[in-house]
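Here is the structure we will look at.
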Amino acid sequence: MNRERLAATFIQLCEIDSPSKSEGRVAAFLKDLCAKELGAEAIFEDDSATKTGSECGNLIVRFTGTLDKPPLFFNCHMDTVQPGVGVKVQRQGDTFTSAGATILGSDDKAGIAALIETVRLLKENKTPHAPFELLFTTCEEIGLLGAKHLDFSLVRARMGYALDSSGIDLAIIGAPAANRFTAEIQGLAAHAGLHPEKGISAIQLAAQAITRLPLGRLDAESTANIGRISGGTATNIIPERVRLDGEVRSHDPAKLARYTAQMEEAFRTAVANWHDPAGLAAGRPAVDFSVEAQYPSMRITEGEAVWQRLATAAKALGRPMEYIVAGGGSDANIFNAHNLATIILGIGMTDVHTTEESVTLDAMMRTTELVIAILTT
């Protein structure tokens, strides 16, 4: 393995800005590299950009195999979170961080760099390997939009691996489903100093609802959170409108539905129980509660081929893999829902989504070795 080539590729990728919906330059770089150097059999760009608003679609890059084995796919997303414009990589020894006030982008460019090095090594060494595809998605960080609108007819492989987690020698075989909800409470504006009795405080009603909400860790399989509250116009005006955005996650679909219903009930109860002690308000409050399914749950069992393929590769490398159930969602949730059995692999990135993000060259090398073993063992 060419350590410095892998490092250079990673740095080059990170310094191509690609915040969500602005993945065009990274996509162009990957298409050019796969066509001119890596010897791809075919490169497809789907039409998902018309639905996601990205500069480009998802990329599906196909490579011919030399072993008579079922094809596999490997997935990484091309987008990064903000602040992700003007990234400059700082290297200290074999550890990479951002040199400025931006994220690094190892989420998910450490995975992309490992996949590029994998293909280079297979080609250079003429190593027999299974056929495979690389799936590079857009807009993962803003709701898995690229994966949700992927043209699955372009994907031949029925199982694969998403390189998109912290940890190393780690396999995520389960992840929860999630609902995003929005509660908008309509009150009534009035002057807070002159005629507060004529107003209905939407913020006060929201506060009453929040005290009834189950939040945080709900049980071993479920969590809930209110992440954003916005409303009001001035300190001297009774706030007539407030909006709350939150989420519920659970590995159990029945619990997800039950906890989501409890969220709605708390807001509706707060509004229904409102009373006008002075009898001066010209109306009643109302609430609009909406729910959007973000992604379905996923669970891979030990007997499935995608698990066995990984276990065999890890054994060949002499590595003990840790198999866990996690609390986050990724493109793998969407792939599994489309009957593409997918395990998420840890690639060693740390402190992602912060300006303290880092990854090591050793972690990227270990990821590359594992991918090669999966394809060749």
Return the only residue of 267, 289 being assigned to a strand (DSSP E or B), farther than 20 Å from residue 140 by Cβ and over 15 Å from the mean Cα position of the chain (by Cα).
-> 289
Across (1) of a type in the set (A, V, I, L, M, F, W, C); (2) in a helix (DSSP H, G or I); (3) in the same structural domain as residue 265 (by TED's automatic domain parsing), residue 122 clears everything bar (3)
Hey, does the stretch 8-16 have a residue that's assigned by TED's automatic domain parsing to the domain that holds residue 125 and exposed (fewer than 13 other Cβ atoms within 10 Å of the Cβ)?
-> yes
Inspect the stretch 221-244 for any residue being in a loop (DSSP other than H, G, I, E, B), surrounded by 20 or more Cβ atoms within 10 Å (Cβ to Cβ) and not acidic (Asp, Glu) and give the result as yes or no.
-> yes
Among the strands (runs of 3 or more DSSP E) contained in the stretch 24-115, which hold 1 or more residues that are closer than 23 Å to residue 144 by Cβ?
-> 42-45, 59-63, 72-77
Any idea which residue in the stretch 245-264 is nearest to residue 204 (Cα to Cα), counting only those that are among the polar types (S, T, N, Q) and not in a strand (DSSP E or B)?
-> 262
Criterion (at pLDDT 95 or above and over 30 Å from residue 71 (Cβ atoms)) met by exactly one of 258, 309, 299 = 258
Restricting to the stretch 358-370, what's the tally of residues that are over 22 Å from residue 307 (Cβ atoms), touching a Leu at 6+ places or on another chain (Cβ under 9 Å) and surrounded by fewer than 24 Cβ atoms within 10 Å (Cβ to Cβ)?
-> 3
Just to be sure, is residue 199 of a type in the set (Gly, Ala, Ser), more than 22 Å from the chain's Cα centre (by Cα) and over 30 Å from residue 132 (Cα atoms)?
-> yes
Scanning the stretch 152-198 residue by residue, those assigned to a loop (DSSP other than H, G, I, E, B), touching a Gly at 6+ places or on another chain (Cβ under 8 Å) and surrounded by fewer than 20 Cβ atoms within 10 Å (Cβ to Cβ) turn out to be 167, 189, 192
If we ask which residues in the stretch 297-309 are touching a Gly at 6+ places or on another chain (Cβ under 9 Å) and assigned to a loop (DSSP other than H, G, I, E, B), their number turns out to be 2
The stretch 272-293 - residue that is aliphatic (A, V, I, L, M) and touching a Phe, Trp or Tyr at 6+ places or on another chain (Cβ under 7 Å) and, of those, surrounded by the fewest Cβ atoms within 10 Å (Cβ to Cβ) | 291
Go over the candidates 79, 68 one by one and state the one that is under 25 Å from residue 134 (Cβ atoms) and surrounded by fewer than 22 Cβ atoms within 10 Å (Cβ to Cβ).
-> 68
Scan the stretch 89-99 for residues that are over 23 Å from the mean Cα position of the chain (by Cα), surrounded by 12 or more Cβ atoms within 10 Å (Cβ to Cβ) and not hydrophobic (A, V, I, L, M, F, W, C) and jot them down.
-> 90, 91, 94, 95
Would you mention how many residues in the stretch 152-166 are touching a helix residue (DSSP H, G or I) at 6+ places or on another chain (Cβ under 8 Å) and not small (Gly, Ala, Ser)?
-> 4
Determine whether the stretch 315-325 contains at least one residue that is surrounded by 14 or more Cβ atoms within 10 Å (Cβ to Cβ), at pLDDT below 95 and under 30 Å from residue 142 (Cβ atoms).
-> no
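The values are calculated or read from the model by the stated rules, or taken from the named source; none is laboratory data. In this text the structure is predicted, and so the values were computed from the model without any measurement. Methodologically, a virtual Cβ is constructed for each residue, glycine included, from the backbone with ideal geometry; neighbour enumeration extends over all protein chains shown.
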